[in-house]
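Report on the following structure.
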Amino acid sequence: MIIFLFGMEDIGFEKKKFVEVAIGLPIDKTFYYEIPPDFETRLMLGSRVLVPFRGRKVTGYAIAFPPDLTDYPKSYRPKPISDILDERPLFDDQMLAFYRWISDYYLYPLGQVIRGGLPPGINLESQRLLSITPKGRDFLESGKLAQEERKIVKFIADHGEMALARTAKQFPHWRIYSLEEAGIIQVDHGLKDVRVKPKREKVIKYRGKDETEDFILSPKGKEVLAFIREVGEISHTSLRSEFKGASRIVKRLEEKGFVSIELREVYRDPLSHLITGEDVRPELTPKQIKALETIDKGIDSLQFSPFLLYGITGSGKTEIYLRAIERVVEMGREALVLVPEISLTPQLIGQFLKRFGGRVAMLHSGLSRGERYDEWRRIRDGNVDIVAGARSAIFAPLERLGMIIVDEEHETSYKQEEKLKYNARDLAVVRAKMCDAVLILGSATPSLEAYHNAMVEKFRLLKLDERIEGKPLPSVEIVDMRREKGRGIILSEKLRNALAENVAIGRQSLLFLNRRGFANFIQCPDCGFVFKCPNCSVSLTHHFRVKKLLCHYCNYAIIVPDLCPNCEGYRIRSFGIGTEGVEEEVSRMFPQATIDRMDRDTTKAKRSHQRILKKVKSGGTDILVGTQMIAKGHDFPNVTLVGVICADFSLNFPDFRSSERTFQLLTQVAGRAGRGINPGKVIIQTFNPHHYSVQMAREQDFSKFYQEEARFRKELSYPPFSRLINFRIEGTSQKRSIRAAEEIGEWGRRLLKERPYLRGIEILGPSPAPLVKLKGKHRYQMLVKGKRAHPLHRFVEELAEEMNKRWIGSGINLSIDVDPISVM
């Protein structure tokens, strides 16, 4: 026998000496580390590593293996990685390319992009740990410490080691730090394991043994054993639901050898509560058939094929999604479906489960950390064909991606406003292109950007301009609230009468108002004092049921006072209206009706969305009052009346997109009416009845609206005819914030003069943000416009680098929003 011994180099493996690591911290650069010999064969691209960084251990991501470090001096020796946290990579080359694109385009650190794309709860977190020094132990034992200091030192000593964060909850910060300065305690960096663990449950298995004469079972024990024998094995949880007191019986059965108990890993299933019925495959209309045939050609081409599916409300877009996905799955590829609201995800998932069975996963922030982790693992392991979810689902680890569908593509909720400010709709275009996948953007009211791309033939336009089964669009009436008699009227006479008629004949109604709370604000009529948030430049909203004034931005809250804090007057009054106030008023008008409300206040509990929607679908709700949550994608066959309480809220926003948002909201909420056998009616209350967005929503004429709005945007060079980037300067000091804003404006204009290649870029501002104070921070902003992305990004990178040099560590934060949806 001959044994051949090969080194790694001899069989085509390169020896890995160094690894490039992206750290999940707000740092724009990546770092090189040495790979210890023991880790050479284990470390793979896409794995997490534990690395030393600035005196502590942090989680990083292996993104490349450079053969050498030629750009560094020969004397340079990088630190070795401390550990490998994954035996299997968390992302592949394709996902890494996607992460890099996001980092470059949105000007955001790569490590934080990767961290945001992975499920929460998989990283180790760095923490500061307190321990007693020898000097401190001596002082504690000899009684040399004052009473308060002794309490702190003894608390730490009793635990051996204690997290600073936990200690600071019980004792003042300054006392802890004074003990550190005195050398009594020391602060070290450690790791906190907050990772989600796989769920395990007990499984009971029958061992083939039956009752014997020396061990006689009770009647209940015989019944339980017979059941286990019949099924072979069953989870402990399921058995307890079948038999009361099963735990005690199973323990005895195990002791006598009738059954065995083992721990087995199980997935947390967020879909288990969904009830699925029979799948109904409706007959397609000629226009649906034509659209589907065009999409099928794109699927068969195995190339990037982008479509804009413009279909009026109730035209059957969902069935096209289902048929297209069916074809993709038959070809051995996977589909990703994005929806704008968490409340829509279970509804869509239910349809997918009926059509495709269990190879469906759901991803959104409403799931528990454990559920999201398990769904993510199911996707990564190739156990699903279809993923549906809100915007974060764009990061789903699908390796055979063949189709991405973005339902209601116009929705602003696809844009993340915190930290990494990405737009999931735009990322869907990028990812589909990278994967040679089909892209379908669906909407009854397309965004101007998507429709413009269809007009210039970047997307293929598909139209569905008729409702299925020939159902008519609802009739729309506009009520001019300026002509209504009486002050502070919530419901016009026309809307009151329509509601009364609907309640009387047993049909359902929706009332839409895009503002939650009981009233907009509370004011003292004697001195004019308005209760405002001390952290934000907004008035506090009155929430009647909890008897509080709340800030909807920072969650600051106070109890509603009896007296004015300014003049001690007792006549303080509520002004304006929110969904809670509408619910109260409608309940008073129609005491015989069942009235429910759907907004952020009523949907905080898990699965509360589903409970409210299920009640509406089953006919248990007569009138549903809600915010934009009720305007999107729901199909309520018995809803025949939709009332818009005030169309002017979105219209009066200080934003160039306000007309577009108003048209979209009015058209979408109107589309909830008349989707069953009975025709629908919509009543829109407004103080601006002649505004073109309101008039064209009444006519439900998107093409006409696009022409009018596009003319306005083109004149002012706003998207889609230019690109926007918003610089936001925030700081706790108003004086420093103003100075930083002035400097960024001065430096930006100087750059434009000095760099000829930046010609065509325009600066607007800096100026105070519409919300000039938010969560205790003073806010200023500067908008930058340009027609070409590359020079615009170069300008922003140079400007951001200079500003960070000047203001880093001064309490000023600079955030960059590429393609902002809102400039609030």
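Summary of values
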| item | result |
| --- | --- |
| Segments classed as strands (runs of 3 or more DSSP E), wholly inside segment 300-409, with at least 1 members that are more than 28 Å from GLY116 (Cα to Cα) | 305-311 |
| Whichever residue in segment 577-595 is under 30 Å from the mean Cα position of the chain (by Cα) and in contact (Cβ under 8 Å) with a residue 40 or more places away in the chain and, among such residues, is nearest to LEU495 (Cα to Cα) | VAL582 |
| Subset of segment 144-159 that is of a type outside the set (Gly, Ala, Ser) and open to solvent by 40 Å² or more (accessible area, probe 1.4 Å) - its residue that is modelled with the lowest pLDDT | HIS159 |
| Boolean, GLU141 is surrounded by 14 or more Cβ atoms within 10 Å (Cβ to Cβ) and over 41 Å from the mean Cα position of the chain (by Cα) | no |
| Of the criteria (1) of a type outside the set (Asp, Glu); (2) touching a residue at least 24 places away in the same chain (Cβ under 8 Å); (3) closer than 24 Å to ARG779 by Cα; (4) assigned to a loop (DSSP other than H, G, I, E, B), which one ASN555 fails | (2) |
| Search result, residues across segment 785-818 that are open to solvent by 80 Å² or more (accessible area, probe 1.4 Å) and closer than 17 Å to ARG728 by Cβ | GLU797, GLU801, ARG806, ILE808 |
| Filter pass, LEU752 being assigned to a helix (DSSP H, G or I), open to solvent by less than 70 Å² (accessible area, probe 1.4 Å) and closer than 21 Å to LEU448 by Cβ | no |
| Among (1) under 30 Å from ASP426 (Cβ atoms); (2) open to solvent by 70 Å² or more (accessible area, probe 1.4 Å); (3) without any contact (Cβ under 8 Å) to a residue 24 or more places away in the chain, the one test that PRO37 misses | (1) |
| Pick from segment 596-612, criterion open to solvent by 20 Å² or more (accessible area, probe 1.4 Å) and of a type in the set (A, V, I, L, M, F, W, C), ranking: farthest from the chain's Cα centre (by Cα) | ILE612 |
| Filtered residues of segment 613-650 (kept if in a loop (DSSP other than H, G, I, E, B), in contact (Cβ under 8 Å) with a residue 24 or more places away in the chain and open to solvent by 20 Å² or more (accessible area, probe 1.4 Å)) | GLY619, GLY620, ASP622, GLY633, ASP635, PRO637, ASN638, CYS646 |
| Pairs where the first residue, in segment 779-803, is hydroxyl-bearing (Ser, Thr, Tyr) and the second is assigned to a strand (DSSP E or B) and buried (at least 19 other Cβ atoms within 10 Å of the Cβ), C-beta under 6 Å, 6+ apart | TYR780/ILE729; TYR780/PRO766 |
| Subset tally (residues that are hydrophobic (A, V, I, L, M, F, W, C) and in a helix (DSSP H, G or I)) for segment 758-815 | 9 |
| Only listed residue being closer than 30 Å to PRO472 by Cα, open to solvent by 20 Å² or more (accessible area, probe 1.4 Å), touching a residue at least 60 places away in the same chain (Cβ under 8 Å) and among the basic types (Lys, Arg), chosen from LYS773, LYS681 | LYS681 |
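The values are calculated or read from the model by the stated rules, or taken from the named source; none is laboratory data. The model shown is predicted, which means the values in this text are computed figures rather than measured ones. Don't worry about glycine lacking a Cβ; one is built from the backbone with ideal geometry, like all the others, and counts go over all protein chains shown. These accessible areas exclude ligands, DNA and RNA; they are computed on the full protein's heavy atoms, side chains included. Shrake-Rupley method; radii C 1.70, N 1.55, O 1.52, S 1.80 Å.
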